[in-house]
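The values are calculated or read from the model by the stated rules, or taken from the named source; none is laboratory data. Note that the structure is a prediction, hence the values are computed from the model and not measured. Every residue, glycine as well, gets a Cβ built from its backbone with ideal geometry; the counts of neighbours run over all protein chains shown. For accessibility, only protein heavy atoms count, side chains too; no ligands or nucleic acids. Shrake-Rupley method; radii C 1.70, N 1.55, O 1.52, S 1.80 Å.
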Amino acid sequence: MPVDAAERLKRKYRDRLGDEDSGLFTQCTDTIIRHVGDIGQMVDEFSAFARMPAPQLKDVALARVVREGVGLQKMAFPPIQFAMDLPQTPVMMRLDARLVGQAVTNIVKNALESIEARMAGGDAAPGHVAVE
């Protein structure tokens, strides 16, 4: 995500700056992109060797966990429309909110990457993610 955000900043603001500032801005965003990629690779390698922590089960309102996971992605991808149809009455479940939140984030992230790939292939139709 941070790489996508840095690339969007680069595309949006690079041409608005003067030649000197534009070069520095491009250099800085390229550095951010490179370092985030390096950190991501280190995290992936570390995760391959690390054990998953034991789940911390608590009674949690499932809709809250889903809203939080989707909300983070929604802020990161403003051009894509999101629709959520969640129950108004709390659905309490005994779960690890962090782990379920990660799962929701991964599912939504996969949907967003699919939309971005489609749009990069020339399909200009706006993206839409529905969560029920």
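Numbers below:
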item: Enumeration of residues in the range 102-115 that are among the aliphatic types (A, V, I, L, M) and open to solvent by 30 Å² or more (accessible area, probe 1.4 Å); result: ALA103, ILE107, ALA111
item: Selection within the range 68-110 - of a type in the set (Val, Ile, Thr) and farther than 11 Å from VAL131 by Cα; result: ILE80, THR89, VAL91, VAL100, THR105
item: Search result, residues across the range 86-132 that are in contact (Cβ under 8 Å) with a residue 12 or more places away in the chain and within 12 Å of ALA61 (Cβ to Cβ); result: LEU86, PRO87, PRO90, VAL91, MET92, MET93, ARG94, LEU95, ALA97, VAL100
